[in-house]
Amino acid sequence: MYQYLSKYRTNIMGMAALWVMIFHSSIAGIDVKAAGVFSIIKNMGYIGVDIFIFLSGVGIYFSLEKSTISVFYKKRLLRILPYYLIFMLVVTPYNLVNQYHSVNTIIMEAQSFVFWQNLITYRWYVPCILILYFFAPIYFKLFKKNSFMATVIGIIGCFGVSCLLWNKSTVMMMVVRFPLFFLGIYMGIQIQKKSKGNRREKLLLLVSCLVGVMWLTYNLLHFDALVLAEYGLYWYPCFLITPGLTLGLGKVAEIFEYKAKCLDRLFIYLGKYSLEVYLWHYFLLGLIQEMMGVMGQWDQNTLIINILVIIITCIWGSWYHKGVKFLENGLGGE
């Protein structure tokens, strides 16, 4: 069962990336109560980021097992920073000219300080994951001594801290995701042991996922956005949802591998360029909607625009990745 997280990791990340793009889109509007089931699923799309963080924890386990700390930092930073910094260099002039962000906000965002000012942009994930990567080797030393206790302490500690941050919702939004990272690292050791999971574990994952979905659905239907953000009601249920959902998506990926080759290749492609797609989609969507004068509107034409932007982003993500790699190789003298 746990092998799905390793074997189909790229596929699952592709599914999560598509879900995040749908979440960021203006498809079906944003009124959960008025738009029904599809809108609820769309508005849960930020769980795609929870899946990224959970799977990052899985990857971190194997990375730290196989490499030195210096090699670990080098690989992780090279995978993220060139793509993130070049993206920021491109979009920052546009944001400044159009007064979408101040210089101070952009600098703080790049350094993760934006969270402590209770400000947020959709790119919060990148500084968040860099913080996790920075502290991962320290945590991993404790994890190697007692994996179960380190995981429990890490999870309880982060949830405890998050409860102290109810007046700083953006900081809490980041901290409340950390337990999934620790749980992902713990899943890594289960994969290494080739654990298939017993019936009790499978039932626990299924029940916790269903309870989390019901809890989150209730929250979305009964509380306004301010309350959901202030008290973490957007994010606490995701801890229950994400592990079982991710394993379920792994099973779906296995079915696609044998029964739907086109979808299998699509999600592998999206998973390979998930960082690039994540960075560019929301910016391209806003840019194209503004150019076409449909910002904030909802009709059949904006549905088509949203779909086209998703397609454009997927293509551009691959080109952007290759362009950055070309620059890296050139600067490296290769």
query: Which residues, counting only those in segment 124-173, are modelled with pLDDT under 90, aromatic (Phe, Trp, Tyr) and surrounded by fewer than 18 Cβ atoms within 10 Å (Cβ to Cβ)?
result: Trp166
message: Against the condition hydrophobic (A, V, I, L, M, F, W, C), touching a helix residue (DSSP H, G or I) at 6+ places or on another chain (Cβ under 8 Å) and under 30 Å from Gly154 (Cα atoms), how does Leu279 come out, does it pass?
response: yes
query: Of the residues in segment 174-218, how many are touching a Phe, Trp or Tyr at 6+ places or on another chain (Cβ under 7 Å) and over 16 Å from Ile53 (Cβ atoms)?
result: 5
query: In this structure, does Ile241 turn out to be in contact with a Ser or Thr (Cβ under 6 Å, 6 or more places away or on another chain), closer than 22 Å to Ala17 by Cα and assigned to a helix (DSSP H, G or I)?
result: no
Elements of type helices (runs of 4 or more DSSP H) contained in segment 30-73, each with 1 or more residues being within 19 Å of Ser147 (Cβ to Cβ), at pLDDT 85 or above and among the hydrophobic types (A, V, I, L, M, F, W, C): 47-66
query: Taking the stated definitions as given, is Met1 part of a helix (DSSP H, G or I) and either surrounded by fewer than 20 Cβ atoms within 10 Å (Cβ to Cβ) or modelled with pLDDT of 90 or more (or both)?
result: no
- prompt: Is one or more of the residues making up segment 197-212 modelled with pLDDT under 85 and among the β-branched types (Val, Ile, Thr)?
  reply: no
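The values are calculated or read from the model by the stated rules, or taken from the named source; none is laboratory data. Quick caveat, the model's predicted, so the values are computed rather than measured. All Cβ positions, even for glycine, are placed from backbone atoms using ideal geometry, and neighbour counts span all protein chains on display.
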